Amino acid sequence: MRRYLLKRLLLAIPTIVGVTVLIFIVMRVLPGDPLAIIFGENTGIYVLTEEQLQASRRSLGLDKPLYAQYFAWMGDVLRGDFGRSFWRPDPVREIIVRRGAISAQIALMAVAISWVVGLPIGILSAVRRNSTLDYVSRFLVTLFMAVPSFWLGLTFILITVIFFTWKPPITVNYLWTDPLKNLQMTIGPAIAMGIGLGAFIARMNRTTLLEVIREDYVRTARAKGLTERVVILRHALKNSLLPVVTVSGLQLAGLLGGSVAVERAFGVPGLGTALVQAITERDWMVIQNLVLLYAVIFVFVNLAIDLAYGWIDPRVRYG
Amino acid sequence: MSVTEESRTVVARRMPERAPSHGLVELPLVASRALIGVLARFSRSSLLGAGSIAFLIILVFVAIFADQIAPYGPLVADYTALIHPPSLAHLAGTDNLGRDALSRVIIGARTTLFVAFTSIAIGEAVGSAWGVISGYAGGRFDLLSQRFLDVLMAFPGVILALLLLVALSAGVDTIIIAIAVTRVPGTARVIRSVVLSVREMDFVTSARAIGASPARVMAFHVAPQVVAPLLVIFASGLGGAIFAEAALSFLGLGIPPPAPSWGNMLGGILVTSFNPPWWLVVVPGLAITFTILALNLFGDALRDYLDPKLRGRLQQ
């Protein structure tokens, strides 16, 4: 187990380094130097002279050769310093902590909602196979898998505005400062994303549960005279959860970065919004570090999924 | 009738597929008859699949003849009817510039479908070629390419798409490239896994044994085997591409206005008001939802039709 963990962690290093190199190169290869965009002759807001441009380049460290810039960045990251935004006074770490908290909270709530909604529907649908309930739930599942989350968000806002004359709060509140206001801000995006995910979970769970129910040990459990409830919830469900955990993990990894479009629909200042802003402003330092953050999250969530396998299904051995 | 003539008719009757010398003229006819046959068998295998394919065919026709079908031009502004709810004159209402929402959805279908189809075609072509080469070549090349795919997978696709869109400035070409790029790693992975098993089959070994070059083996012996999974990936990818285009355009980074696409119609509402008129939210949203729904149903039916065994592998 420990060896497996070590091996996986070592394997993660080239992937993460690869991502940093890729984003570093991509940003510098694509047209649009940050200073040229903001201070350029025709595009910019302020026009700087050539000397001023050089000076600000130097102050941002953009005058050094590329490899020096890359190693300076990596060195800073290893020291836990994520640099600061090119255009704003905020250190990138601040952005990550402030906005990441909101995105992470929404992501966790969305995944929780998807389980609360998806698992029971999946179980009922599998147990009552080909009943009216099954058909209705399969119809809803297929429908909600097709509904774009950000559109669900827009409809959610529309309904609350029209029928309840209620709007999401404009001010930003954290769970630890004002839980009620915070929930008002986060519940909408969480539901908008959670329902789509839940549909996926329900479908996945139904398929795998149907397979598991056919297995011998389930028949044995029934033959022992256990109630159907215990057979399904204790014996079958646990084994049908593996793919569900995989899917949820990957979804969570995707959501932690904040679903940009849903955040936009609700006007929530999460990581996704920060990223879009950084990209439009060519704020290289912010983009680089956010991408690095995503890559690290992705790699570790994948590792966590694999470790969860062993916990759910003790037959899984790590080699 | 002479003997030779009679025998010729017999031969012709026995081999109906082999067309005579003027066969080129009949080729479209034969092809369309074959296509109808496949469609009929497919429809019998799944009613939902048949319904979805009918919907998609109608949608494609609407997109092609959008100019003739749409009651108004997409940019024609009716200043006497700004933000009007659905009425007889404007069945789906008008937006803040008095443009007819129904016409914009119909014309937008063209953009949306075109972007989705081309981006997926490019993405899957590159991804499957990559998967075939990587899986067939094996060894160090495969190892390296797998690590590179790891990096691409860990690199959030949305960010790559956003970076490309901002750097290359929003437009139809850019959004096609941006969506295509995000499709490559996933496809390459799945196709590679199929190729790994195909590679060991006897017909591949025998092709190699008679001296076929690696390129020939890959193109004529391995590649045909990945067509079935590729079709399924293609169908499900289209839904994803429509979502991606809608989301990016919604963010204002996709199809630049005033040209309509389903995504930027939704995005446009937020720019102009915090209290969006319901028809402008509902109409483009339903268009997106039903199209993705039809594509998903079609993809599922196609998967069952082509190979029930594929189920597990492609659901991951």
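The values are calculated or read from the model by the stated rules, or taken from the named source; none is laboratory data. Predicted model only: the values in this text are computed from it and were never measured. A quick note on method: Cβ atoms are made from the backbone with ideal geometry, for glycine too, and the neighbour counts reach across all protein chains shown. Calculation scope for accessible area: heavy atoms of the full protein, side chains included, ligands and nucleic acids excluded. Shrake-Rupley method; radii C 1.70, N 1.55, O 1.52, S 1.80 Å.
Quick notes
- When shorter helices are ignored and each DSSP H run of at least 4 residues is given -39500 (n - 2.57), the per-residue value for chain A at 222 nm works out to -25000 deg cm²/dmol.
- Heavy atoms of B:Met218: accessible area, 1.4 Å probe, square angstrom to 10: 40
- In order along segment A:92-98, phi translates into HN-Hα couplings of 4, 4, 4, 4, 4, 5, 5 Hz, rounded to whole numbers, per the Karplus curve 6.51 cos²θ - 1.76 cosθ + 1.60 with θ = phi - 60° and x for Gly and Pro.
- Heavy-atom accessible area for B:Thr205, with the other protein chains in place and a 1.4 Å probe, reaches approximately 70 Å².
- Across peptide A:5-18, the mean count of Cβ atoms from other chains lying within 10 Å of each residue's own Cβ comes to 2.
- Only DSSP H runs of four or more residues enter the estimate; each adds -39500 (n - 2.57), and after division by the residues of chain B the mean residue ellipticity at 222 nm equals -24000 deg cm²/dmol.
- Rounded if a/c under 1.5, otherwise prolate or oblate - the protein assembly as shown, Cα gyration tensor axes: rounded
- Accessible-area ranking of B:Leu35, B:Leu164, largest first, probe 1.4 Å: B:Leu35, B:Leu164
- Per the accessible-area calculation with a 1.4 Å probe, the total area buried between chain B and chain A rounds to 3800 Å².
- Whole-Hz ³J(HN,Hα) from phi, Karplus 6.51 cos²θ - 1.76 cosθ + 1.60, for segment A:119-132, glycine and proline x: 4, x, 4, x, 5, 4, 4, 6, 5, 9, 4, 6, 8, 4
- Apportionment of accessible area to carbon and sulfur, the protein assembly as shown, percent (1.4 Å): 68
- Where segment A:99-312 is the region considered: accessible area per residue in Å², 1.4 Å probe: 43
- Rounded if a/c under 1.5, otherwise prolate or oblate - chain B, Cα gyration tensor axes: oblate
- Inter-centroid distance (Cα atoms) of segment B:168-205 relative to segment A:225-295, Å: 24
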